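**Student:** Structure incoming, see below.
The numbers here are math on the coordinates, done by the rules we state, and not lab data. This one's a predicted model, so the numbers in the text were calculated from it and none came from an experiment. Neighbour counts are summed over all protein chains in view; Cβ atoms, including those assigned to glycine, are modelled from backbone coordinates with ideal geometry.
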Amino acid sequence: MKKILVLGAGGFIGNHLVARLKNDGHYLIGIDLKTPEFSTSRADQFIQADLRSSHVCDKYITEEIDEVYQLAADMGGAGYLFSGENDFNVMHNSALINLNVSHSAIKAKIKKVFFSSSACIYPQLNQTDPDNPNCKENSAYPADPDSEYGWEKIFSERLYHAASRNYDLNVRIARFHNIYGPRGTWNSGKEKAPAALCRKVAMANQEDTIEIWGDGTQTRSFLYIDDCINGIIALMESDCKEVLNIGSEEMVTINYLAEMISLHANKTISLNHIDGPIGVMGRNSENSLVTKSIGWSPTVSLSAGLLKTYEWIESEVNKLKTSSN
Ligand code: NAD
């Protein structure tokens, strides 16, 4: 049994990760500014604290801890990250967290640290063609992410690598590509496309129209949460020190995503395309390195994962409707 610290344990992925590591028989300590929104945490200890404080990091990242999973970040979907309004906070908050966490982990000689980076680090010039984006791990440089969120992530990847080179910190880094699933934020303003579209469709009448940002031809791939958690565990159990994509290669347009959700909802939904923050025109995970290095690949199809996600968001929408009646 390991003693494991999950940072960002109140968030979507952190909460699922705590549950999985708990099921695997470990002792879990979770830290976050907030408790999970849609379920209670399964952590043995859940500490509400601010990781921007170096005192907090020094207090909880100690010699007793075997592994640290660092998922805390100031993040959200396109509406949050690409509007420009949150740029300073996104960079400042997340950089402070990673500066503190890496420093405390070095001091406490933590045996293994996981850091969650993002597909948003990839150069925007490689993602202008919706049919042929290049997100191979080795295409990250020369760096040119399209958001300050991406720049902070690439800085922090380098920070953890420097900690590894200079102080022997044993680090694993994954670049997540659009993780979705039940118990993810869906109406906070930080939701991503799958949750936002599930909400719009769930709230719509049988033949309503929903709004889509941009012309909807922009492409993305989406990875179901269970596959993401399996990828994190596989990476942490491996000796692989290279940064790896953890994403799906099932690339679809946003229009297709909306149509798939409408189909699951048994509704005939029309799409109204409006101006909005859309990010790059194309993005897809490229999994040859991750499959070769750690033997991981996704197992849940987009259709199956979306069905579970839609059903959960629909039940949340219904709860909200009932409580406001
Ligand atoms: P999330 O927003 O649900 O979780 C992040 C958590 O960090 C939140 O609960 C938040 O309260 C916490 N946090 C933020 N600032 C903090 C602070 N100062 N002190 C303590 N806690 C703080 O996001 P998520 O979807 O669970 O993502 C987890 C990680 O994976 C993040 O680092 C994110 O950047 C990365 N990532 C996620 C995706 C995705 O599609 N969800 C894609 C790429 C990368």
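**Student:** Given contacts defined as C-alpha pairs under 8 Å and at least six residues apart, what's the relative contact order of the range 1-90, whole-number percent?
**Tutor:** Values: 151 pairs, mean separation 28.8, N = 90.
Relative contact order comes out at 32 percent.
**Student:** Another question, if that's okay. How would K308, K241 line up from fewest to most surrounding beta-carbon atoms within 10 angstrom?
**Tutor:** On the way: K308 17, K241 13.
Exposure proxy ranking, most exposed first: K241, K308.
**Student:** Using the Cα centre as the reference, give the magnitude of the dipole from point charges on the C-beta atoms of the range 34-177 (Lys, Arg: +1; Asp, Glu: -1; all else neutral), rounded to the nearest 20 debye. Before the final figure, lay out the partial values.
**Tutor:** Values: 14 positive and 20 negative charges, 108 e Å.
The dipole of the range 34-177 has a size of about 520 debye.
**Student:** Also: Hey, which of these cross-link pairs are over 25 Å Cα-Cα: K111/K190; K111/K241; K107/K241; K3/K241; K22/K153; K153/K190?
**Tutor:** K111/K190; K22/K153
**Student:** Arrange the following residues from fewest to most other Cβ atoms within 10 Å of their Cβ: H273, H55.
**Tutor:** Fewest-to-most ranking of H273, H55: H55, H273.
**Student:** Using the number of other C-beta atoms within 10 angstrom as an exposure proxy, rank Y149, Y167 with the fewest first.
**Tutor:** Y167, Y149
**Student:** Mind checking which of M91, H103, L257 is farthest towards the positive end of the chain's charge dipole, using Cβ charges of +1 (Lys, Arg) and -1 (Asp, Glu) about the Cα centre?
**Tutor:** In the chain, that residue is H103.
**Student:** With +1 on each Lys and Arg Cβ and -1 on each Asp and Glu Cβ, and nothing else charged, work out how big the dipole of the range 1-114 is about its Cα centre, in Debye to the nearest 20.
**Tutor:** So the magnitude is around 400 debye.
**Student:** Still on this structure, please answer the following. Grab every C-alpha pair in the chain, bin the distances at 20 angstrom width from 0 up to the longest one, and report whole percents.
**Tutor:** Reading the bins upward from 0: 33, 59, 8.
**Student:** Turning to a different aspect of this structure: Compute the angle between helix 302-324 and the longest alpha-carbon principal axis of the chain, please, reported from 0 to 90 degrees and rounded to the nearest 10.
**Tutor:** On a 0 to 90 degree scale, this one is about 80.
**Student:** Ok, one more. Return one number: the angle in degrees, 0 to 90 and rounded to the nearest 10, between the long axis of the Cα atoms of helix 225-237 and the longest principal axis of the Cα atoms of the chain.
**Tutor:** Tilt relative to the chain: about 20 degrees.
**Student:** Under the rule of -39500 (n - 2.57) per DSSP H run of 4 or more residues, summed and divided by the residues of the chain, what mean residue ellipticity at 222 nm is obtained, to the nearest 500 deg cm²/dmol?
**Tutor:** Details: 10 runs with 129 residues, N = 325.
Mean residue ellipticity at 222 nm (helix-derived): -12500 deg cm²/dmol.
**Student:** Then there is this: In debye to the nearest 20, how big a dipole does the range 151-293 give about its Cα centre with +1 on each Lys and Arg Cβ and -1 on each Asp and Glu Cβ?
**Tutor:** On the way: 15 positive and 18 negative charges, 72 e Å.
With only Lys, Arg, Asp and Glu charged at Cβ, the dipole is about 340 debye.
**Student:** State the answer as a single residue: which of A162, Y69, G25 lies farthest towards the positive end of the charge dipole of the chain, with beta carbon charges of +1 for Lys and Arg and -1 for Asp and Glu, about the Cα centre.
**Tutor:** Of the listed residues, the answer is G25.
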